[in-house]
Amino acid sequence: MKCPYCGETEDKVIDSRQGKEADVIRRRRECLSCSRRFTTYEKVEDMPLVIIKKDGRREVFNGEKVRAGMLRACEKRNISVHVIDEFIEQLERDLRETGEKEVPSHEVGEAIMNKLHELDDVAYVRFASVYREFKHVNDFISELKYLLKQQQKGGK
């Protein structure tokens, strides 16, 4: 570690503590050249989670983009923003825990649709209409028939 005072790279660690966040370590160091002390923070580098789009493009997972889509689908519905944010955090954790660096977008979309189906049928249909690119009224009718069958089976 380069000393911020004299620029030398030789130092010793005096103290290590876990930071306020569990994923950060705070280290107190002492420069072996000028004997001044300084603090460094160490954090595990997150590997970017890449989403493979339908057309083959790749982009980094963006929780804010997922949030915006879900909020649009849930507009004027009785669904807490807190519930949406918790879902997005869990979704990202689940995707990272697979160990895969690249995830097809359909896996993300299906997870979102499953959650919305669990929360609110109207929000689900709204999201599905965009995600599945409904072109005609018949697409909506088919999805609504599917929902009605699910309800009759006791799925909701």
In nm, the gap between the two label points placed 7 Å beyond Cα toward Cβ at K101 and H136 is 4.4
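Taking the Cα centre of the stretch 50-152 as origin, work out the dipole magnitude from +1 charges on Lys and Arg Cβ and -1 charges on Asp and Glu Cβ, in debye rounded to 20.
Values: 18 positive and 20 negative charges, 82 e Å.
That gives a dipole near 400 debye.
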Quick check on the chain: what are the equivalent-ellipsoid semi-axes from the Cα gyration tensor, as sqrt(5λ), descending, whole Å? 49, 17, 12
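With r defined as the distance between the Cβ atoms of L71 and N114 and R0 fixed at 22 Å, what FRET efficiency is calculated, to the nearest 0.05? Don't skip to the end; give the middle numbers.
On the way: r = 18 Å, r/R0 = 0.80.
The formula returns an efficiency of 0.80 here.
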Work out, step by step, the length gained on full extension between K54 and D23: first 0.36 nm times the residue separation, then minus their alpha carbon distance; give nm to one decimal. 7.8 nm
Cysteines without a disulfide-compatible partner [the chain; Cβ-Cβ under 4.7 Å]: C74
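Among I52, I141, what is the fewest-to-most ranking by other Cβ atoms within 10 Å?
Numbers: I52 16, I141 11.
Fewest-to-most ranking of I52, I141: I141, I52.
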I'd like the chymotrypsin sites (Phe, Trp or Tyr not before Pro) in the stretch 122-156 restricted to DSSP loop residues with at most 14 other Cβ atoms within 10 Å, sorted by number. none
Relative contact order of the chain, please, whole-number percent, based on alpha carbon pairs below 8 angstrom and at least 6 residues apart. 14
Counting only residues 5 or more places away or on other chains, whose amide H sits under 5 Å from the amide H of V103 once H atoms are built in the peptide plane? V50, I51, I52
Which of H117, H82 comes first, and how do the rest follow, when ranked by fewest Cβ neighbours within 10 Å? H82, H117
At q = 0.14 Å⁻¹, what is the base-10 log of I(q)/I(0) for the stretch 83-156 according to the Debye formula with one equal point scatterer per Cα and no solvent? Please give it to two decimals. -0.53
In degrees, nearest 10, range 0 to 90: what is the angle between the Cα axis of helix 81-97 and the longest Cα principal axis of the chain? 70
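Divide by every residue of the chain the summed helix terms, -39500 (n - 2.57) for each DSSP H run of at least 4, and state the resulting mean residue ellipticity at 222 nm, rounded to the nearest 500 deg cm²/dmol. Before the final figure, lay out the partial values.
On the way: 5 runs with 70 residues, N = 156.
Using -39500 (n - 2.57) per qualifying helix, the result is -14500 deg cm²/dmol.
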FRET efficiency, 1/(1 + (r/R0)^6) with R0 41 Å, evaluated for V81 and E45 via beta carbons: 0.90
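Values in this text are rule-based calculations from the coordinates and carry no lab data. Quick caveat, the model's predicted, so the values are computed rather than measured. Here Cβ is always computed from backbone atoms with ideal geometry, including for glycine, and neighbour counts include all displayed protein chains.
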